[in-house]
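A short write-up of the structure that comes next.
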Amino acid sequence: MLINILETAFDLIITLNDDLFEIINLSLKVTLSALIIAVSISIPFGAFLALYKNKYQSLIVLISNTLMGMPPVVLGLLIYTLVSKKGIFGFLDILYTPTAMILAQTLLIIPIVISLTYEEVYKKNKDYNLLLNSLNLNNFSKLKTLIYECRYALVTVALTGFGRASAEVGAVMIVGGNINHYTRVMTTAIAFETSKGSIELAVALGLILILISFIITLLIKSLRKIS
Amino acid sequence: MNILPLKVKNLNYVVNGKNILKNINIECNNNNVTIVAGNNGSGKSTFLKILHGLIKTQNNNKIKWGEFYISDIKREQSMVFQTPILLNRTAYENLLYVAKKKNITEKNYVDKIIDKLNIKNISNVNTKYISGGERQKVAIGMSIIGNPKIIFLDEPTSQLDPAYKNDIENIINELSYNKVKIFMTSHDISQIKRIGSEIIFMDNGEIIYHDSVKKFFEEKQCNLISEYINYG
Ligand SMILES: Nc1ncnc2c1ncn2[C@@H]1O[C@H](COP(=O)(O)OP(=O)(O)OP(=O)(O)O)[C@@H](O)[C@H]1O
Ligand SMILES: [Mg+2]
């Protein structure tokens, strides 16, 4: 029984089954878009927080750390209330679209990247601030140097965000709606196909997800080695 | 632009209730090499960092370099730290980084520094792999980029082999000859004799001696200093 399922699942993957391909393609598009948006906001912001001491800094870091642990499904619910017909952003009309899913994953990744970037840059700044001050650098130059010095660690941070977002199911289910050929991604498809009893496609997708997670782990490991 | 005399008036530095520098008063008019000596923990590194504006004290206005406050001439200063701080790049890239930050556009400038410091062999190695002495060499190279007027050297030769120590001392003499004001800490008595012109001796956050190196070794000194000299 299990062997048969696995066999069919491998078959689906190897023959690049259309449905499977479409779902993987959308998943990667959504998560990569979210990652790019989140990273380009959060890395500079996290680094900024690490460099500029003021009374709001520790509060923002605390909030970010808290949001990092927020259940994605709650985030999905929140976005749902905002973008549904009656919500204040209802006029955008993005509920049940890939845009809403990108939004959800972006918001999911942002606190992760802010908090982890903050930690990395804070540590590096401790090592380097005497040198950077001695060179009389302005704050913008310091920020650029520190981000560059943390480059390997920050790629790891981004990969962590990617892993978290691609594995998440609750938020994209609520705001995307798991519409076939439109908003169905790997995780929502697994949940749906399983409940429908067509377990082979679910297993195939599950294998792909595990593969992605494996690749991310490998990348992070080799980055740790060179940094 | 005259950065001397250096005048420090009633400078105190307190961290967590601990008085690290106590009522420092000096006037320094010597334009050769000033040695800052004293036992471990006496406050030498802290003092240099304060003179360089890296540590803000309760009142930094108590320090004047000629007519200038530290903030006016910080860009004319550089420092080699007791534990050299290098970026996670090759030695060449570290030097290039400093040159860029000092807006130096001259081609081959970094190559000249590498030649001067005789570090061609490690120039393309990431500094995380190089030895302690080699790190000091790179840091010294970084400190002379852009012809600063004041250089702070915090035990810059503590890890160098004798021949290389001699090379660095020659570089220091050359800098000093070219009117660069050098402040240098050292525990090496013979080195102090070789290149020092005046000496500031610190004990427990206070300056207990400040005069020419010549006098320092000729005069009868208190027990603490004569012990320091005898063991050195
Ligand atoms: N940020 C700090 N917090 C607490 N104590 C400090 C701090 N900075 C320096 N000290 C203390 O101040 C004293 C002077 O330190 P400093 O590094 O200036 O000594 P030093 O004369 O350079 O010693 P060494 O010869 O070992 O390099 C030491 O006792 C040190 O522990
Ligand atoms: Mg010291």
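Observations, loosely collected:
- If you go through region B:100-114 and keep only what is of a type outside the set (Ser, Thr, Tyr), within 19 Å of B:ILE151 (Cβ to Cβ) and away from chain A (no Cβ under 11 Å), you end up with B:ASN103, B:ILE104, B:VAL110, B:LYS112, B:ILE113, B:ILE114.
- Out of B:GLY132, B:GLY141, sole residue that is within 19 Å of the chain's Cα centre (by Cα) and within 16 Å of ligand 2 (Cβ to nearest atom): B:GLY132
- Unique match (being more than 16 Å from ligand 1 (Cβ to nearest atom), within 14 Å of another protein chain (Cβ to nearest Cβ), hydroxyl-bearing (Ser, Thr, Tyr) and over 18 Å from B:VAL180 (Cα atoms)) among B:SER71, B:SER78, B:SER45: B:SER71
- Candidate set from region B:72-100 (those that are closer than 26 Å to B:ASN2 by Cβ and in contact with a Ser or Thr (Cβ under 7 Å, 6 or more places away or on another chain)); member that is farthest from ligand 2 (Cβ to nearest atom): B:SER78
- Some residue of region B:48-62 being away from ligand 1 (no atom under 16 Å from the Cβ), within 14 Å of the chain's Cα centre (by Cα) and either of a type in the set (A, V, I, L, M, F, W, C) or surrounded by fewer than 20 Cβ atoms within 10 Å (Cβ to Cβ) (or both): no
- Restricting attention to region B:20-42, the residues that are more than 6 Å from ligand 1 (Cβ to nearest atom), under 15 Å from B:SER186 (Cβ atoms) and either within 14 Å of chain A (Cβ to nearest Cβ) or outside any strand (DSSP E or B) (or both) total 2.
- Exactly one residue out of A:ILE41, A:ILE3, A:ILE24, A:ILE37 is hydrophobic (A, V, I, L, M, F, W, C), surrounded by 14 or more Cβ atoms within 10 Å (Cβ to Cβ) and more than 14 Å from the chain's Cα centre (by Cα): that is A:ILE24.
- In region B:81-94, residue surrounded by the most Cβ atoms within 10 Å (Cβ to Cβ) [restricted to those that are within 9 Å of another protein chain (Cβ to nearest Cβ) and farther than 15 Å from A:LEU130 by Cβ]: B:ASN88
- Subset of region B:48-68 [in a helix (DSSP H, G or I) and more than 10 Å from chain A (Cβ to nearest Cβ)]: B:LEU48, B:ILE50, B:LEU51, B:ASN60, B:ASN61, B:LYS62
- For first residues located in region A:216-227 and within 14 Å of chain B (Cβ to nearest Cβ), partners that are among the β-branched types (Val, Ile, Thr) and lie 6+ apart or on another chain with Cβ distances below 9 Å form the pairs A:LEU223/A:VAL155; A:LEU223/A:THR156; A:ARG224/A:THR156; A:SER227/A:VAL155; A:SER227/A:THR156.
- The residues on offer are B:GLU76, B:GLU67, and the sole one that is more than 24 Å from B:SER212 (Cβ to Cβ) and within 14 Å of the chain's Cα centre (by Cα) is B:GLU76.
Listed here are the residues, each with its yes/no results for (1) surrounded by fewer than 24 Cβ atoms within 10 Å (Cβ to Cβ); (2) free of Cβ contacts under 8 Å to residues at least 40 places away in the same chain.
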residue: A:LEU95; (1), (2): yes, no
residue: A:ILE102; (1), (2): no, no
residue: A:ASP127; (1), (2): yes, yes
residue: A:LEU137; (1), (2): yes, yes
residue: A:MET173; (1), (2): yes, no
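- Output for region B:1-53, where each listed residue is within 12 Å of ligand 2 (Cβ to nearest atom) and of a type in the set (A, V, I, L, M, F, W, C): B:ILE20, B:VAL36, B:ALA37, B:PHE47, B:LEU48
A short reminder: the numbers here are calculations on the coordinates, not readings from a lab. Fair warning: this is a prediction, and the values are worked out from it, not measured in the lab. In this analysis, Cβ positions are derived from the backbone assuming ideal geometry, glycine residues included, and neighbour counts consider all displayed protein chains.
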